[in-house]
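All of the numbers you see were taken from the coordinates with simple rules; none came from a lab. Quantities reported herein were computed from a predicted structural model and do not represent experimental measurements. Here the Cβ positions follow ideal geometry from the backbone for every residue, glycine too, while neighbour counts run over all protein chains shown.
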Amino acid sequence: LYRLADPSANPYLAYAAVVSAGLDGIKNKIDPGDPTDDSGKMRSKMKKVPENLKESIEALENDTKFIKGVFSPELLGDYLDLKLAEHKEAMKAVSGYELNKYFDS
């Protein structure tokens, strides 16, 4: 199963990271594993990708060894600050689910 990036991602940063990861894999002779199909059996063995913005921020913060070789510390810090601010703002918003659950009669 191949998942590149969410449509809301900055395409320049996303593709720079993906190309850099591919080149890093070639340079370091990282085994990509066997080809997979889209069956549920194979999917259960794959590494889980972040499901939301908060998990994505945490994954990026924990992958600094690789990512600092791709982006400058200033860019990375500014980007993480921006995304943390976006997450905090989103968490303040009342969701449609909450409106329907608690305010509709």
Dimensions (Å) - the chain, Cα atoms, principal axes, largest first: 59, 41, 22
Computed E for Glu55/Ser20 - FRET, C-beta separation, R0 22 angstrom, nearest 0.05: 0.55
Among 6-13, 78-85, the order from most to least packed when residues are scored by Cβ within 10 Å on average: 78-85, 6-13
Potential lengthening between Lys48 and Lys88 on full extension [0.36 nm per residue; Cα-Cα distance subtracted]: 12.0 nm
Phi to ³J(HN,Hα) by Karplus 6.51 cos²θ - 1.76 cosθ + 1.60 over the range 10-25, Hz, x for Gly, Pro: 5, x, 5, 5, 4, 5, 4, 5, 5, 5, 4, 5, x, 5, 5, x
Label-point gap, in nm, between Asp63 and Ser95 - each point 7 angstrom along Cα→Cβ: 2.4
Charge dipole (debye, nearest 20) of the chain; +1 at Cβ of Lys and Arg, -1 at Cβ of Asp and Glu: 340
Computed magnitude of the charge dipole of the range 57-105 (debye, nearest 20; Cβ of K, R +1, Cβ of D, E -1): 80
Candidate lysines - alpha carbon under 23 Å from Lys65, same-chain residues fewer than 8 apart omitted: Lys27, Lys29, Lys47, Lys48, Lys54, Lys83
